[in-house]
């Protein structure tokens, strides 16, 4: 059965696209046939993060309007088998995404392309694009930074997920939503300068999928156009791998949430 | 952290300030979530009516919508000032 997953956050710049790319790649690496769709119509960026920006011919809106079929529009990833990208359109027409159109694309990915997972990379905000990315989802990943505006917006999005999805409208209850805390810095948490995992979890009250540490590897990965999960030596890459395992039901302890303890000397005289 | 910082009086950390502020605002926003759009205006107008008779602060009127098994409950909470303050008025 095909599972549709929305990666969302409300606030921009917290790591939705990075997470969508990592999650899709991680699932494909485990043998699941996966498509990641960029719903940010007008501001396409997933193609850059996935490193396929020069291979874009058709996009999501082309498929919805019938200018191309799903097979023509899907870009097959060059590094990972089973992984496909459906880029966003650069059109500025906000009404390009229709409920019927999006449903048609998702049905084609499920029935014709036999996808196991469809990852919907939501745009920021709570406008049409974000609502469309979430509407058909079976499951949600809420990406949050340990910072006040991001946490507040995530709470808002969790509320929207509880009422504005197809499952909710059909009275099938809330879709499962899990928290991915990104750009986490254990040192700053210990010094009382950053909200802790426990703080954010207490406020948002949803299950924790993973904690991704603040890491240079994320910028390196986007510079190179290669999802950070492929950087298996990096902390962020390993944290994303763990999150994918947990997403699939594994029980793993959370890593990268504590500071490596300094010795007595360091604690007394360290900066 | 050096040894000297242990000797200084402890200031409240910025993270705990953030947590407190978030808990308050999130609770407030959740209480009106999914409710009708006229709630804020209803709250303002109620406040004006109450103020014609009793001097109350901006946050004295609290409007909340609850849902219980298919039935919506509009809950109004008006906090009146203590009696001494009323007599002065």
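Name all residues of the range A:97-112 having a backbone nitrogen under 15 Å from the label point set 7 Å from the Cα of residue A:65 along its Cα→Cβ direction, giving them as ranges.
Of the residues in the range A:97-112, A:97-98, A:101-102 have backbone N under 15 Å from the label point off residue A:65.
Rounded to the nearest 5, what % of the DSSP beta bridges within chain A are antiparallel ones?
Details: 2 of 30 bridges.
Here the antiparallel bridges make up roughly 5 percent for chain A.
How big is the convex hull of the Cα atoms of the range A:50-186, per residue, in Å³? Can you show the working numbers first?
Working: hull volume 19.6 nm³, N = 137.
Residue-normalised Cα hull volume stands at 143 Å³.
With r as the distance between the Cβ atoms of residue A:207 and residue A:245 and R0 = 22 Å, compute the FRET efficiency 1/(1 + (r/R0)^6) and round to 0.05.
Values: r = 15 Å, r/R0 = 0.66.
According to the calculation, E is roughly 0.90.
Taking 7 Å along the Cα-to-C-beta vector as the label spot, tell me the residue B:31-residue A:232 distance in nanometres, rounded to one decimal.
Here the answer is 5.3 nm between the modelled labels.
Picking from A:15, A:171, A:129, which is most flexible by a Gaussian network model of chain A using Cα springs under 10 Å?
Comparing A:15, A:171, A:129 in a Gaussian network model of chain A, the most mobile one is A:171.
I'd like the mean, over residues of B:16-23, of how many other protein chain beta carbons sit within 10 Å of each residue's own Cβ. Numbers along the way, then the final one.
Details: counts 4, 2, 10, 9, 0, 2, 12, 3.
Per residue, the number of nearby Cβ atoms from other chains is 5 on average.
In deg cm²/dmol and to the nearest 500, what is the mean residue ellipticity at 222 nm of chain A if only DSSP H runs of at least 4 residues count, each as -39500 (n - 2.57), divided by the residue total?
Details: 13 runs with 111 residues, N = 271.
Only helices count here, giving -11500 deg cm²/dmol.
Which translational diffusion coefficient, to the nearest whole µm²/s, is obtained for the range A:125-271 from the Stokes-Einstein equation, given a Kirkwood hydrodynamic radius over C-alpha pairs, 10 °C and 1.306 mPa s? Intermediate results must be reported in sequence, preceding the final value.
Details: Rh = 16.9 Å.
This corresponds to a translational diffusion coefficient of 94 µm²/s.
Which order results if A:118, A:75 are arranged by neighbouring Cβ count within 10 Å, fewest first?
Values: A:118 26, A:75 21.
Going from sparsest to densest Cβ surroundings: A:75, A:118.
Along the Cα→Cβ direction, 7 angstrom out, place labels at residue B:56 and residue B:79. What is the inter-label distance in nm?
For residue B:56 paired with residue B:79, the spin-label model returns 1.1 nm.
If r is the Cβ-Cβ distance from residue A:98 to residue A:162 and R0 is 30 Å, what FRET efficiency results, to the nearest 0.05? Don't skip to the end; give the middle numbers.
Values: r = 23 Å, r/R0 = 0.78.
The formula returns an efficiency of 0.80 here.
Assuming a ≥ b ≥ c are the square roots of the Cα gyration tensor eigenvalues, decide whether the range A:1-86 counts as rounded (a/c under 1.5), prolate (otherwise, with a/b larger than b/c) or oblate. Before the final figure, lay out each step's value.
Numbers: a/c = 1.43, a/b = 1.08, b/c = 1.33.
Note, shape of the range A:1-86 comes out rounded.
How high is the relative contact order of chain A, in percent, with contacts defined as C-alpha pairs under 8 Å that are six or more residues apart?
Values: 545 pairs, mean separation 62.2, N = 271.
About 23 percent, as a whole number.
When the chain is fully extended, how far beyond the present Cα-Cα distance does residue A:114 get from residue A:1, taking 0.36 nm per residue of separation?
39.8 nm
Shape of the protein assembly as shown from its Cα gyration tensor (a ≥ b ≥ c, root eigenvalues): rounded if a/c is under 1.5, otherwise prolate when a/b > b/c, or oblate? Provide the component values of the computation, followed by the final result.
Numbers: a/c = 2.52, a/b = 1.27, b/c = 1.98.
Note, shape of the protein assembly as shown comes out oblate.
Of the peptides A:142-154, B:16-28, A:176-188, how do they stack up when ordered by the mean number of other Cβ atoms within 10 Å, highest first? Write out the running numbers ahead of the final one.
Values: A:142-154: 22.6, B:16-28: 14.8, A:176-188: 20.8.
My ranking of the peptides, most packed first, is A:142-154, A:176-188, B:16-28.
What shape does the range A:157-234 take by its C-alpha gyration tensor, where a ≥ b ≥ c are the square roots of the eigenvalues and a/c under 1.5 counts as rounded, a/b above b/c as prolate, and the rest as oblate? Mind showing how you got there, number by number?
On the way: a/c = 3.35, a/b = 1.49, b/c = 2.25.
Verdict is oblate for the range A:157-234.
Coordinate-derived values only; no laboratory data. Treat the numbers as computed from the prediction; the structure is a model and nothing was measured. Here the Cβ is made from the backbone with ideal geometry for all residues, glycine too, and neighbour counts use every protein chain on show.
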